[in-house]
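Before any comments, here is the structure.
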Amino acid sequence: MNKIDLLNRNAVVTGGAQGFGLAIVERFTASGAKVAIWDKDQEILNKINIKNTIKKVVDVSSYKSVSYGLETTLQELGQIDILVNNAGIAGPSYKTWDYPIEEWQKVIDIDLTGVFFCCKAIVPHMKEKNYGRIVNISSIAGKEGNPNAMPYSAAKAGVIALTKSLGKELAENNIAVNCVTPAAAKTRIFDQISQEHIDYMLSKIPRNRFVLVEELASLVTWMVSEENSFTTGAVFDLSGGRATY
């Protein structure tokens, strides 16, 4: 494992109690950062015991919850240098015309609006220090649009556009805003989708396997380091060759 220096940096990782988020937390702490793990699942949070972390029950789809999480995090860490917007759900598999309205709204609220809420709350604190690194976890579905996953695909496309907009707004500050478009990984999110959809996603990956959570964590750790001092508003592909642009 390459050593990337995150010493004396404080991070917030949403959805950090499992999957991609937990792998990112582990890599950040191994690199010297202190990490606030934000997750709405209290039960899973209670099982985490990682040095140099604090745990906060935060529902990113609620701005009130995000604001309270920020307030209590700042009380303990003092400053937030890094934000990783990772929290997300897949939603069930339906054709667009059959998609339940309430399920559409739930996916959009967490996967897209949650990213906006966290950026809205935390960016002002980064601007005060003229330093920050923000990484938004999008998806290859945001580039290509997966059938039977319309809300997820639309939300992840929105995350890409949000990243580009915010990156331009903060370009004159020492704050980099980028996103990653990974292929799927074998995490608990697979529990939300059909085997047919899982098989479809795998069939589209030229490397013929799903991405490992550690591979995403490695890329994100460099993206939030001081070494990433020029790139902003960019989309980093991690799709095993699936992406065509």
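The values are calculated or read from the model by the stated rules, or taken from the named source; none is laboratory data. The shown structure was predicted, so the numbers you read here are calculated from the model rather than taken from an experiment. Because the Cβ atoms are built from the backbone with ideal geometry, glycine has one as well, and the counts that use them run over all protein chains shown. Only protein heavy atoms, including side chains, enter the accessible area calculation; ligands, DNA and RNA are left aside. Shrake-Rupley method; radii C 1.70, N 1.55, O 1.52, S 1.80 Å.
Brief remarks follow.
- Single condition PHE236 does not satisfy, out of (1) in a loop (DSSP other than H, G, I, E, B); (2) open to solvent by 20 Å² or more (accessible area, probe 1.4 Å); (3) of a type outside the set (Ser, Thr, Tyr); (4) in contact with a helix residue (DSSP H, G or I) (Cβ under 8 Å, 6 or more places away or on another chain): (1)
- Residues in region 44-61 that are surrounded by 15 or more Cβ atoms within 10 Å (Cβ to Cβ), out of contact with any Phe, Trp or Tyr (no Cβ under 8 Å at 6 or more places or on another chain) and not β-branched (Val, Ile, Thr): LEU45, LYS55, ASP59.
- Filter pass, SER139 being in a loop (DSSP other than H, G, I, E, B), within 21 Å of GLY19 (Cβ to Cβ) and touching a His at 6+ places or on another chain (Cβ under 9 Å): no
- Within region 216-233, tally of residues that are farther than 19 Å from ALA33 by Cβ and either surrounded by 17 or more Cβ atoms within 10 Å (Cβ to Cβ) or among the acidic types (Asp, Glu) (or both): 2
- Residue that is farthest from the chain's Cα centre (by Cα), among those in region 174-199 that are farther than 17 Å from ALA87 by Cα, in contact (Cβ under 8 Å) with a residue 40 or more places away in the chain and surrounded by fewer than 17 Cβ atoms within 10 Å (Cβ to Cβ): GLU196
- Selection within region 115-154 - touching a residue at least 60 places away in the same chain (Cβ under 8 Å) and out of contact with any strand residue (DSSP E or B) (no Cβ under 7 Å at 6 or more places or on another chain): GLU144, PRO151, TYR152
- Scanning region 7-29 for residues that are of a type in the set (A, V, I, L, M), crowded, with 21+ Cβ neighbours inside 10 Å and not in a helix (DSSP H, G or I) turns up ALA11, VAL12, VAL13, ALA17.
Yes/no matrix, rows are residues, columns are (1) modelled with pLDDT of 95 or more; (2) over 25 Å from SER61 (Cα atoms); (3) of a type in the set (Lys, Arg):
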residue	(1), (2), (3)
LYS168	yes, no, yes
CYS179	yes, no, no
ALA185	no, no, no
ALA217	yes, no, no
SER239	no, yes, no
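- Qualifying residue in region 91-98 (condition: out of contact with any His (no Cβ under 6 Å at 6 or more places or on another chain), surrounded by 21 or more Cβ atoms within 10 Å (Cβ to Cβ) and not in a helix (DSSP H, G or I)): yes
- Checked against the criterion of being surrounded by fewer than 19 Cβ atoms within 10 Å (Cβ to Cβ), in a helix (DSSP H, G or I) and not small (Gly, Ala, Ser), the candidates GLN105, GLN79 yield just one match: GLN105.
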